[in-house]
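*Asks:* Got a structure here, written out as structure tokens. Questions coming.
The values are calculated or read from the model by the stated rules, or taken from the named source; none is laboratory data. Predicted model, so just to flag it, every value in this text is computed and none were measured. We place every Cβ from the backbone using ideal geometry, glycine too, and count neighbours over all the protein chains shown. Just so you know, the surface numbers come from the protein's heavy atoms only, side chains and all, with ligands and any DNA or RNA stripped out. Shrake-Rupley method; radii C 1.70, N 1.55, O 1.52, S 1.80 Å.
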Amino acid sequence: MESIFHEKQEGSLCAQHCLNNLLQGEYFSPVELSSIAHQLDEEERMRMAEGGVTSEDYRTFLQQPSGNMDDSGFFSIQVISNALKVWGLELILFNSPEYQRLRIDPINERSFICNYKEHWFTVRKLGKQWFNLNSLLTGPELISDTYLALFLAQLQQEGYSIFVVKGDLPDCEADQLLQMIRVQQMHRPKLIGEELAQLKEQRVQKTDLERVLEANDGSGMLDEDEEDLQRALALSRQEIDLEDEEADLRRAIQLSMQGTSRNICQDIPQTSGTHLTSEELRKRREAYFEKQQQQQQQQQDPPGHPCEKPNTSSGALDSDLGDAMSEEDMLQAAVTMSLETVRSNFKTEGKK
């Protein structure tokens, strides 16, 4: 509907917008309509002067303001009618008894001019579709053929005066284009007052936000909120990290103690906490066993006598005793070293 000419309301120049929207172009200006209004005023003055320029009626007429225009930009039906005569167009009252008797279907007309309380607007057929070209709307409003009669009847109930425009309207691009295509309207246009109210509300909200931001020394409330959120997230992450470290430390202690207990139960020193392999522990145990045997032999044999090899039963008993003692001593040493390693790990973790 971009090809449709639609003047929006400016001041009280609805009569100008009504005529230009009807003719689909900038055909009339306020100056030209004012000229027509002055001409009508002069014709009326001359008729009143025929009764005598000294008559009371004539003096009263001169004191009254113009009935064809005012300072706001309003123009009377006489001005509109005379402006359309230039184009060979005529206005007939649609809701008059004479016209109603003709029973003419509104769809068979080409355009209407509507007036209520000094507001004028046009309803016109362009191509094969009807449009409400009210200057108070943000754009043309599509009216279906079935809705046209109801729309006009509603205007009549609201007190509008409706005029049928008779005659050939000047050619226009929109009429030629819409003869070939039909348009669809997804969203009905709003009243300019509603749009202005929404824009005003948006400006007020924006101004309030700017005042709030200025009250916060220009730092920006939204930025402060975002910074607070980031700090809260950072603290939360730190707390989670500390909790994770404590949980890891507790698990390490538990595993270390489990490893020590398991090594003790198995009588096999493993690598947990001692850093000694089973082979190293075995060698130390054998060395300790040999040292114990040598000491026992020195105590049993007097000096100067050659060392006699113990018999099998005695040797086996001593060997078992030496093994038991070495096992116990070595396990105790492994436990001690494991505990020292755990304490060292605690200190290291605490420094971190």
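*Asks:* Any idea how many residues of the range 131-183 are in contact with a helix residue (DSSP H, G or I) (Cβ under 7 Å, 6 or more places away or on another chain), open to solvent by 30 Å² or more (accessible area, probe 1.4 Å) and over 15 Å from Ser111 (Cα atoms)?
*Replies:* 2
*Asks:* Just checking, does the range 86-93 include any residue being free of Cβ contacts under 8 Å to residues at least 40 places away in the same chain, of a type outside the set (Ser, Thr, Tyr) and within 30 Å of Asp171 (Cα to Cα)? Reasoning before the result, please.
*Replies:* Here is the first cut: in the range 86-93, the residues free of Cβ contacts under 8 Å to residues at least 40 places away in the same chain are 86.
Applying the additional criterion that residues be of a type outside the set (Ser, Thr, Tyr) yields 86.
Now drop any that are not within 30 Å of Asp171 (Cα to Cα), which leaves 86.
Checked the range 86-93: at least one residue is free of Cβ contacts under 8 Å to residues at least 40 places away in the same chain, of a type outside the set (Ser, Thr, Tyr) and within 30 Å of Asp171 (Cα to Cα).
*Asks:* OK, next. Taking the options Glu10, Glu43, name whichever one is open to solvent by 70 Å² or more (accessible area, probe 1.4 Å) and over 56 Å from the mean Cα position of the chain (by Cα).
*Replies:* Only one candidate qualifies: Glu43.
*Asks:* Residues that are open to solvent by less than 10 Å² (accessible area, probe 1.4 Å), small (Gly, Ala, Ser) and touching a residue at least 40 places away in the same chain (Cβ under 8 Å): does the range 118-130 have at least one?
*Replies:* The answer is yes, given that some residue of the range 118-130 is open to solvent by less than 10 Å² (accessible area, probe 1.4 Å), small (Gly, Ala, Ser) and touching a residue at least 40 places away in the same chain (Cβ under 8 Å).
*Asks:* Here's a follow-up. How many residues, within the range 48-98, are under 60 Å from the mean Cα position of the chain (by Cα) and either in a helix (DSSP H, G or I) or surrounded by 11 or more Cβ atoms within 10 Å (Cβ to Cβ) (or both)?
*Replies:* At the first step, the residues of the range 48-98 found to be under 60 Å from the mean Cα position of the chain (by Cα) are 64-98.
Within this subset, residues satisfying the condition of being either in a helix (DSSP H, G or I) or surrounded by 11 or more Cβ atoms within 10 Å (Cβ to Cβ) (or both) are 66-70, 73-98.
Looking only at that region, the number is 31.
*Asks:* Is it the case that Asn108 is exposed (fewer than 13 other Cβ atoms within 10 Å of the Cβ), free of Cβ contacts under 8 Å to residues at least 24 places away in the same chain and closer than 29 Å to Cys172 by Cβ? I'd like the intermediate steps shown before the answer.
*Replies:* Values: exposed (fewer than 13 other Cβ atoms within 10 Å of the Cβ): yes; free of Cβ contacts under 8 Å to residues at least 24 places away in the same chain: yes; closer than 29 Å to Cys172 by Cβ: yes.
So Asn108 fits the description; yes.
*Asks:* Being of a type outside the set (A, V, I, L, M, F, W, C) and under 17 Å from Val86 (Cα atoms) narrows it down to one of Glu26, Glu56, Glu43, so name that one.
*Replies:* Glu26
*Asks:* Same structure, new question: Please go through the range 131-163 and give me each residue that is within 39 Å of the chain's Cα centre (by Cα) and under 22 Å from Gln16 (Cα atoms), ordered by number.
*Replies:* Of everything in the range 131-163, those that are within 39 Å of the chain's Cα centre (by Cα) and under 22 Å from Gln16 (Cα atoms) turn out to be Phe131, Asn132, Leu133, Asn134, Ser135, Leu136, Leu137, Thr138, Gly139, Pro140, Glu141, Leu142.
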